[in-house]
1. Among 58-70, 14-26, what's the highest-first ranking by average C-beta atoms within 10 angstrom per residue?
2. Between residue 80 and residue 11, how high is the FRET efficiency from 1/(1 + (r/R0)^6) when r is the Cβ-Cβ distance and R₀ = 30 Å? Nearest 0.05.
3. Can you give me the relative contact order of region 19-109 as a percent, contacts being Cα pairs under 8 Å and 6 or more apart?
4. For a footprinting-style exposure proxy, rank 91, 98, 49 by other Cβ within 10 Å, fewest first.
5. Go from 0 up to the bin containing the longest alpha carbon distance in region 8-107, width 10 Å each, and give me the % of pairs per bin.
6. Can you give me the distance in nm between label points at residue 42 and residue 60, each placed 7 Å from the Cα along the Cα-to-Cβ direction?
């Protein structure tokens, strides 16, 4: 079993090319989730719902997530509504959730952009 990364290690880490060998196992996922407690794994995807007071704040968050995604070259699925954004990550090349997904989740958690 790979060691879990804590919240600070996730923020400091960077994504890398991943393969099926990097996919976290069913035993590793709950251990790694401890560093990102507001995220959950649903149907093989790491996701979190963020809520905001208005559309402007929601879009500012979406743009900040886009900057994180571009800097890590690891892009999420985002479902955007008036006052909320669902961010979903999984590593296509690995066929599941990897540390790359948690790295981006940790960086997004650090944004702290006026969520409601």
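Values quoted throughout were computed directly from the atomic coordinates according to the rules given, and no laboratory measurement underlies them. Because the structure is a prediction, the values reported are computed rather than measured. Every residue, glycine among them, receives a Cβ derived from its backbone with ideal geometry; neighbour counts consider all protein chains shown.
1. Highest mean packing first, the order is 58-70, 14-26.
2. So, using R0 = 30 Å, E works out to roughly 0.80.
3. Result for region 19-109 is 39 percent.
4. Fewest-to-most ranking of 91, 98, 49: 49, 91, 98.
5. All Cα pairs considered, the percentages come to 16, 49, 29, 6, 0.
6. It is 2.6 nm.
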